1. Restrict the check to the range 118-131 and report whether at least one residue is within 30 Å of ALA216 (Cβ to Cβ), under 13 Å from the mean Cα position of the chain (by Cα) and in a loop (DSSP other than H, G, I, E, B).
2. Return the only residue of ASP178, ASP190 being out of contact with any strand residue (DSSP E or B) (no Cβ under 9 Å at 6 or more places or on another chain) and in a loop (DSSP other than H, G, I, E, B).
3. Exactly one of these conditions fails for GLY163: (1) in contact with a strand residue (DSSP E or B) (Cβ under 8 Å, 6 or more places away or on another chain); (2) within 24 Å of PRO194 (Cβ to Cβ); (3) touching a residue at least 40 places away in the same chain (Cβ under 8 Å). Give me its number.
4. Among residues belonging to the range 26-40 that are of a type outside the set (Gly, Ala, Ser) and surrounded by fewer than 13 Cβ atoms within 10 Å (Cβ to Cβ), point out the one that is modelled with the lowest pLDDT.
5. Within the range 198-209, track down each residue that is surrounded by 24 or more Cβ atoms within 10 Å (Cβ to Cβ) and closer than 12 Å to VAL132 by Cβ.
6. Going by what's in this entry, would THR148 be described as surrounded by 24 or more Cβ atoms within 10 Å (Cβ to Cβ), within 25 Å of ALA85 (Cα to Cα) and at pLDDT below 95?
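The values are calculated or read from the model by the stated rules, or taken from the named source; none is laboratory data. Since this is a predicted model, take the numbers as computed values, not measurements. Glycine also receives a Cβ, built like all others from the backbone with ideal geometry; neighbour counts cover every protein chain displayed.
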Amino acid sequence: MLGWVSMYKQQIKNILTGVKEERIAVAAALKKLENLPYEDLGFAKIDHHRALRRGFPEVVFCENKRPEHVVAIVKKLARYHDVLATRASDEIFEAVKNQFPHAECNEIARTIVVKHAKSNGRKLTRKKILIVSAGTSDMPVAEEAAVTAAVTGNPVEKLYDVGVAGIQRLLGNKEKIDKANVLIVVAGMDGVLPSVVTGLVDKPVIAVPTSVGYGASFEGVAPLLTMLNACSPGVVVVNIDNGFGAGYFASLINK
């Protein structure tokens, strides 16, 4: 995985150096730079400078977008860096695959990753992010977090189906838990798993409530409130089903 900021800065530096050395005309350089603040496609304004400002480029949220719009946005972004698209439908998977046969589609996570031509898969840090899920039903959200954490340059491990209904499954993986620098804990139902995990570690825990559960879980509101009221300190909570937000925040901690 290339460092997007350094790669993007290098592109700008090459343009400016070309002007200085009179290899690139001022008008040509201006043409190359004119889209850097943002590129207006009419239906979308692509923020090309986000990688410089925030360290990670813009991510494509596919839900409620037309497949052709997603493809157009991905085409523009893929000129400069790896692209992550989230909440993709089967129709969008197919449309992106037609244009980018090498695209990596994760149907469970509903994510698409399109690697830049110069991407080499290098991790930006050795600090490990561990994704922990309470149940198999929480996997779509956990996988979204895992893909996001990986594409933003982090080593990722997974520990799935270790909820409190069988707490021995969690405790039997204490060594793996201890080796993580950040833990993302995904749970629906009663949402108690993050409180248990944070009682075992001295690392930051990012809790992700999911909409998995029966009627009184209120589509994730019950686990959300449980996580917000965690008695063990060291837990931060993202929105319901927001695996992307958890993966992104974990990457910021690792950075």
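1. Looking for residues that are within 30 Å of ALA216 (Cβ to Cβ), under 13 Å from the mean Cα position of the chain (by Cα) and in a loop (DSSP other than H, G, I, E, B), one finds none in the range 118-131, hence no.
2. Result: ASP190 is the single residue among ASP178, ASP190 that is out of contact with any strand residue (DSSP E or B) (no Cβ under 9 Å at 6 or more places or on another chain) and in a loop (DSSP other than H, G, I, E, B).
3. (3)
4. So the residue we want is GLU34.
5. Across the range 198-209, the qualifying residues are VAL205, ILE206, ALA207, VAL208.
6. For THR148, the condition - surrounded by 24 or more Cβ atoms within 10 Å (Cβ to Cβ), within 25 Å of ALA85 (Cα to Cα) and at pLDDT below 95 - is not met.
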